[in-house]
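Structure first, then comments.
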Amino acid sequence: MPAKPKWAQIADGIRAKVATGELAPGDKLPSTSELGREHGVSAIVVRQAINTLKAERVVEGVPGVGVFVADPNESQG
């Protein structure tokens with residue numbers, strides 16, 4: 001079976017950190033470039049992982065500020 005794409009591996013890693021409490025609601029994620037260097041991938045790959053997590057409401061982006069772990073207790077609309 002082929003390995004998961006890098007963006008999926010990054011998303012899984014962030015999800016796991018949220019699940020274990022290593023990343024708590026309101027915590028800021030490292031920048032796209034930092035995550036790219038950490039995982040040895042391009043910014044495009046990191047953005048795909050972050051966009052997946054945003055769609056799942058695991059994280060939320062604040063334009064010009066960064067990406068933060070979402071609060072699962074906050075109503076999203």
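The values are calculated or read from the model by the stated rules, or taken from the named source; none is laboratory data. Quantities reported herein were computed from a predicted structural model and do not represent experimental measurements. Here the Cβ is made from the backbone with ideal geometry for all residues, glycine too, and neighbour counts use every protein chain on show. With ligands, DNA and RNA removed, areas are computed over all heavy atoms of the protein, side chains included. Shrake-Rupley method; radii C 1.70, N 1.55, O 1.52, S 1.80 Å.
Among the residues of this structure, PRO30 counts as one that is of a type outside the set (A, V, I, L, M) and at pLDDT 95 or above. Of all residues in segment 9-46, those satisfying the criterion of being closer than 25 Å to ASN73 by Cα and not in a loop (DSSP other than H, G, I, E, B) are ILE10, ALA11, ASP12, GLY13, ILE14, ARG15, ALA16, LYS17, VAL18, ALA19, THR20, LYS28. Of all residues assigned to segment 26-39, at least one qualifies as being in contact with a helix residue (DSSP H, G or I) (Cβ under 6 Å, 6 or more places away or on another chain), open to solvent by 30 Å² or more (accessible area, probe 1.4 Å) and of a type outside the set (Ser, Thr, Tyr).
Residues of segment 47-71 being in a loop (DSSP other than H, G, I, E, B) and open to solvent by 60 Å² or more (accessible area, probe 1.4 Å), which ones? Result: GLU56, ARG57, PRO63, GLY64, VAL65.
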